[in-house]
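Have a look at the structure below, then the notes.
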Amino acid sequence: MKCRWLSSSIRDKGKGETVGPVTVDLDDEGCLGCGACADLCPEVFEMDDRSRRKARVIIFEVRDRSCVQEAIAACPAECIFWRA
């Protein structure tokens, strides 16, 4: 089951191109509850006490892609994904 998704148009800082829409998926079944995503990107992720300490997406518009990319790289369960 997918936790939540978020989508927005963002600007690729390296190239100055508009990229979008961009969607982030979080597979809550694969989530280990380590909290790395919420620590690195608290404006996008938080830990949900109701679901046995699993991460969840809390906003639906991402303006800074680098924050989410850091969370993806740090996730030991590899359960955070970009979707087109």
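We did not get these values from a lab; they are worked out from the coordinates using the rules stated. Since the model is a prediction, treat every value here as computed from it, not as a measurement. FYI the Cβ positions are ideal-geometry reconstructions off the backbone, even for glycines, and counts take in every protein chain you see.
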task = For an R0 of 30 angstrom, estimate the FRET efficiency from the Cβ-Cβ distance between Glu29 and Cys67 and round to the nearest 0.05.
result = 0.80
query = What net charge do the residues around Pro76 carry, taking every other residue with its C-beta under 14 Å from that of Pro76, with Lys and Arg at +1 and Asp and Glu at -1?
reply = -3
